[in-house]
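Beneath this line is the structure, given in structure tokens, with notes to follow.
Please treat every number below as a calculation from the coordinates, not as lab data. The model shown is predicted, which means the values in this text are computed figures rather than measured ones. Here the Cβ is made from the backbone with ideal geometry for all residues, glycine too, and neighbour counts use every protein chain on show.
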Amino acid sequence: MGEGLRRTKTALSHFTPFLRPRKRGLFLALVLLLLETGTSLAQPWPLALILDYVLGTETIPLPVSGQVLLVGIVVLLVTISTASRAVTAFRRYLLSKLGQETVFDMRDALYRKVHDLGLDYHGARRTGDTITRVTSDVKEVRSLLVDSVVEVGSSFLILIGMLAVMLWMSPSLTALALVTVPFLFLAVRRYRLALIERMRVVRAKEGAIASVIQEAVTGIRAVKIFARENDEIDRFRKESRDSLSASVDSSLIEAKFSVLLGIVGGVGTALVVYFAALQVLAGTISVGELTVFVAYLGLFLSPLWTLSRQVNQIGKSLVSGERIIDLLAAEPTVKDSPDARPAPALEGRVAFEDVHFSYDDEAAPEVLRGMDFEVEAGSRVALVGVSGAGKTTVTSLLARLYDPQGGRVLVDGEDVKRYTVKSLRDAITFVPQEPMLFRATVAENIAYGKPGASMEEIEEAARLAGADDFIREMPEGYETLLSERGESLSGGQRQRVSIARAMLRDTPILILDEPQAGLDAEAAEAVETHWRTLTAGRTTFVIAHELRLVKDVDKILVLEDGRVAEEGTHDELVSSGGLYARLYALQEQGRDPVL
Ligand SMILES: Nc1ncnc2c1ncn2[C@@H]1O[C@H](COP(=O)(O)OP(=O)(O)OP(=O)(O)O)[C@@H](O)[C@H]1O
Ligand SMILES: [Mg+2]
């Protein structure tokens, strides 16, 4: 149990921040639970009084007749049971309210964390698993936190109270009742670990199920095109079945545990009843006292059962608790350093100094192996290199989507880590290789990079990106709701909305990762003309596979083997006869070297 307790403790220490604001509510719930016990304690007395004073032979210590006493007792009975119900109902309501509020806060914190964490964290994990942590694991720990804390607390108090009362009534019978306790402990020990094991499987599989669904639904197009529906269903079934069998297993374990509790409790009660009956026969106690004692024995056993059930329940909830803590405790690798300050108005001078980077710290080979270059503020730079050379990676490091393992990335002569992440990203506009649109109206999608942009600004940006025409033709124009990931648009249209989004932002640094992929010749040319305006005075990184598009930039960086292999203007590079010259020659001959 030592290990279990330690786990419970660490878990609780992570969760106390969520309980603290509800301290008073929890305390009230505890008091209500004790009150409930109070009413339960009173419950056997009316019957005992009837047995002894109305039906039995004891003399009534009050100046009333047996009839009157009986009526009084019956009224008492109604009062007690009504009060007991009312208190129970209120306590349940209170606990459920506290639980739901805790879930709300915890989800909030988890979702915040999801956004704090970087691409490295999310890249290494399955989306569905993260989603289940935020949605369903939170619900699992609700019972751990709220119900268990209150129930365990009150059970302890009740146990002690009951023990005192029972000892006062009859020490020998109490000792007899306690004989069963060690067996309870053994039963708990035996089943707890098995339950936790199953619960781990259940929770992990729930995450896997969500991931399978999420992947298949997101990639539904590929699933249909390759007619893989049945395989997807099988994949789902497998995870689902594993979860099912672990769940059923754990129910079986709980059922066995419950039977065992029944046996232990039954034997305990039988022992007590047997010896108590002997004592009644011997005249040591009255029949009323016997009923009270047996009733109290039930009350004594019930918190004991609650406790042992809670030990199992806590074990199960801890599995979810650990999954939540795992997420809560994850530290984003890209975050503001303690001495970070907001970037001042940046000019846009960019430099990489011996930058080494790999996406995975251990296994993966380095993508950048000593990347070195310098770019003047306001100049236009092309990143060229074969597919997988690391062009997109360079831009990701500039925007601090990842941090390099070695070397420095500088903007205006300062390490980008010295700026706050937000202020750095506010200074950079990114047209990513794959447009990222949301389920929102076209206008909202364009304004994503500049919240609060006016309608005129949005339309102007769309015009510059060559998107205005097709947007106007849509049923509701700028107010048309796009489907998820903007899939109701064609690839080229998505690209143009994405460019319009960039046109709206006025930042010193601009990154265009193949802005013309997916555009027809006419649109590409339109965009090309407009982005002369867009790029004027900004440090612009253009990644393009078609080299004729980058001919007139100020500087071309040719990436190879994770380094800058060549740099210079188009003319310089062509005349030097290196890699760029070869690639360019191939494209000119119409043979695309698959850049
Ligand atoms: N998120 C990622 N996780 C792990 N490896 C990655 C990730 N993104 C890219 N890589 C790897 O890093 C290398 C460089 O990728 P990058 O996207 O920078 O290439 P690129 O030059 O932009 O290629 P392309 O022209 O095809 O867009 C590739 O070998 C790729 O496999
Ligand atoms: Mg790329």
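Worth pointing out:
- Of all aspartates and glutamates in the structure, the ones whose alpha carbon falls short of 12 Å from that of K224, not counting any fewer than 8 places away in one chain, are E232.
- Over the stretch 338-457, the fraction of Cα-Cα pairs per 10 Å bin, rounded to whole percents and listed from the shortest bin up, is 12, 37, 33, 16, 2.
- Cα-based equivalent ellipsoid of the stretch 158-242: semi-axis lengths in Å, sorted from largest, via gyration tensor: 56, 12, 7
- C-alpha long axis of helix 491-503 to longest principal axis of the chain, angle in °: 90 degrees
- Cα Rg over Rh - the stretch 45-87, Kirkwood: 1.05
- A dipole drawn for the chain from +1 and -1 charges on Cβ atoms has a positive end, and of M106, V179, L95 the residue lying farthest that way is V179.
- Each Lys and Arg Cβ is given +1 and each Asp and Glu Cβ -1; about its Cα centre, the stretch 350-588 then shows a dipole of about 300 debye.
- Beta bridges per DSSP, both residues in the chain: antiparallel share near 50 percent.
- For the stretch 446-564, fraction of C-alpha pairs farther apart than 26 Å, in %: 22 percent
- Antiparallel %, DSSP beta bridges [both residues in the stretch 350-588], to 5: 55 percent
- Quick note on the stretch 224-340: its Rg to Rh ratio, both from C-alpha atoms and Rh being the Kirkwood radius, is 1.34.
- Taking other residues whose beta carbon is less than 13 angstrom from the beta carbon of E479, and scoring Lys, Arg as +1 and Asp, Glu as -1, yields -2.
- For q = 0.11 Å⁻¹, Debye-computed log10 I/I(0) when each Cα of the stretch 77-228 counts as one equal scatterer: -0.74
- Sorting M503, M169 from the fewest to the most surrounding beta carbons within 10 angstrom yields M169, M503.
- Rg in Å to one decimal, and Dmax rounded to a whole Å, for the chain via C-alpha atoms: 35.9, 123
- Helical content alone sets the calculated 222 nm signal of the chain at -20000 deg cm²/dmol, taking -39,500 (n - 2.57) per DSSP H segment of four or more residues and averaging over every residue.
- Per-residue Cβ neighbour rank within 10 angstrom, fewest leading, M455, M162: M455, M162
- Principal axes of the stretch 417-493: Cα extent on each, largest first, Å: 47, 25, 19
- Considering only alpha-carbon pairs that sit under 8 angstrom and 6 or more positions apart, the relative contact order computed for the chain is 14 percent.
- Stokes-Einstein D for the stretch 350-588, Kirkwood Rh over Cα pairs, 37 °C, 0.692 mPa s (µm²/s): 177 µm²/s
- Charge dipole of the chain (Cα centre as origin; +1 on each Lys and Arg Cβ, -1 on each Asp and Glu Cβ, all else neutral): 3280 debye, rounded to the nearest 20.
- Legend: ranking of residues L117, L297 from fewest to most surrounding C-beta atoms inside 10 Å; resulting order L117, L297.
- Placing unit charges on each Cβ (+1 for Lys and Arg, -1 for Asp and Glu) gives the stretch 350-588 a dipole about its Cα centre, and among S358, V431, I446 the Cα reaching farthest toward its positive end belongs to I446.
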